[in-house]
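See below for the structure under consideration.
The values are calculated or read from the model by the stated rules, or taken from the named source; none is laboratory data. Note that the structure is a prediction, hence the values are computed from the model and not measured. When we count neighbours, we look across all protein chains shown, and the Cβ atoms used for this are built from the backbone with ideal geometry, even at glycine.
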Amino acid sequence: MNKKGTLLRQAAAYPHIVWSLLFIIAPLIFVAYYAFTDKEGNFTFDNISAMAEPSYLEVFLRSLCFAFLATVICLVIAYPVAYFISKTSPKMQKILIMLVTLPQWLNFLIRTYSWMALLEDTGIINSLLVSIGLDPIHMINTPFAVILGMVYNFLPYMIIPLHSVMAKIDVRLLEAASDLGCNQFQVMTRVVLPLSKSGIISGITMVFVPSISTFYISQKLGGGNFDLIGDTIERQFQTAYNYNLGAAMSFVLMILIIISMAVMNKYSDDDGGVIV
């Protein structure tokens, strides 16, 4: 009976193994192969060293800055929102989390186009400003628009892990801190913040990784004026047909994602500790 159960478990794992080999492992191998070969298939580091050129370094630096700003803004907004949601009743928590994730049910392209309609020089926001006698504000095709698009699209990825951690915090710890003389600020900084550390790390990872690799947001809301890593990679594959350089950039992003996942895994099971 045990042997039969073991065989069934092994058989059930085969589809997952095949899926992983075809759609995860094999693509990563191809990326690594093209990253370290030239067009003739010869081994080379030229693709990696090419990214040290000022133009590519500027793209990487801009991508890091935009992703960092978007992640910080998401954290600042998401933390109080997640804390507020965690303090409501279980039924209300489900409703509020559904409202947070509701925009994600729409297609990513539709959400981005909607922001284009809002931020255009003749868009909805500027039309409202003109109607009340104010001057229009140029928002589209600016860094502000790109970062705003990142924050809007990836904010739920920060709220959800923060809420999942905060909802598990024992209320008795907060009450004990208050009884021992802590004010609300001290309760937040010395109890809630350390206990929600794993949610912060998870949220930062889930926002930073897609922010640094995005390309559609920068193309539509930035008007193509602000090349990010994702834009450069897409161009290498779509127009320049330089698969090797595009693969090298993808390889660097893959390493970044692996590092981020390693950091997330390190803290995901860590419930933190109360600072006394």
ask   = Which is under 11 Å from Ser63 (Cβ atoms) and aliphatic (A, V, I, L, M), of Ile217, Ile204, Ile200, Ile212?
value = Ile212
ask   = In this structure, does Thr112 turn out to be polar (S, T, N, Q), in contact (Cβ under 8 Å) with a residue 24 or more places away in the chain, closer than 23 Å to Leu228 by Cβ and part of a helix (DSSP H, G or I)?
value = yes
remark   = Checked against (1) in contact (Cβ under 8 Å) with a residue 12 or more places away in the chain; (2) exposed (fewer than 12 other Cβ atoms within 10 Å of the Cβ); (3) more than 18 Å from the chain's Cα centre (by Cα), Met166 satisfies every condition except (2)
ask   = Looking at the range 52-61, is at least one residue closer than 30 Å to Gly246 by Cβ, in a loop (DSSP other than H, G, I, E, B) and more than 21 Å from the chain's Cα centre (by Cα)?
value = yes
ask   = From Thr71, Thr37, Thr88, Thr112, which residue is in contact with a strand residue (DSSP E or B) (Cβ under 7 Å, 6 or more places away or on another chain), at pLDDT 90 or above and not basic (Lys, Arg)?
value = Thr37
request  = Give the residue, chosen from Ser198, Ser211, that is under 23 Å from Val72 (Cβ atoms), over 12 Å from the mean Cα position of the chain (by Cα) and surrounded by 20 or more Cβ atoms within 10 Å (Cβ to Cβ).
outcome  = Ser198
key: Number of the exception - Trp105 against (1) more than 20 Å from Ala78 (Cα to Cα); (2) out of contact with any helix residue (DSSP H, G or I) (no Cβ under 9 Å at 6 or more places or on another chain)   = (1)
ask   = Quick check, is Asp179 in contact with a helix residue (DSSP H, G or I) (Cβ under 9 Å, 6 or more places away or on another chain), surrounded by fewer than 18 Cβ atoms within 10 Å (Cβ to Cβ) and of a type outside the set (S, T, N, Q)?
value = no
request  = Would you mind finding the one in Thr122, Thr88 that is part of a loop (DSSP other than H, G, I, E, B) and over 28 Å from Gly224 (Cα atoms)?
outcome  = Thr88
query = without any contact (Cβ under 8 Å) to a residue 60 or more places away in the chain, closer than 25 Å to Arg62 by Cβ and surrounded by 13 or more Cβ atoms within 10 Å (Cβ to Cβ): does that describe Met139?
reply = yes
key: Among the candidates Ala82, Ala32, residue that is surrounded by 14 or more Cβ atoms within 10 Å (Cβ to Cβ), closer than 30 Å to Met158 by Cβ and small (Gly, Ala, Ser)   = Ala82
ask   = Restricting the search to the range 26-69, which residues are under 23 Å from Ser260 (Cβ atoms) and among the basic types (Lys, Arg)?
value = Arg62
ask   = For residues in the range 49-69 being among the aliphatic types (A, V, I, L, M) and farther than 14 Å from Gln236 by Cβ, which is surrounded by the most Cβ atoms within 10 Å (Cβ to Cβ)?
value = Ala67
query = List pairs: first in the range 87-106 and closer than 13 Å to Tyr157 by Cα, second among the basic types (Lys, Arg) and surrounded by 12 or more Cβ atoms within 10 Å (Cβ to Cβ), Cβ under 9 Å, 6+ apart or cross-chain?
reply = Pro103/Arg111; Gln104/Arg111
remark   = Residue pairs qualifying under the 7 Å Cβ cut-off, at least six apart or on distinct chains, with the first in the range 247-263 being under 11 Å from Asn47 (Cα atoms) and the second being aromatic (Phe, Trp, Tyr), are Ala247/Tyr34
ask   = Out of all the residues in the range 237-267, which are of a type in the set (S, T, N, Q) and within 15 Å of Ser63 (Cβ to Cβ)?
value = Ser250, Ser260
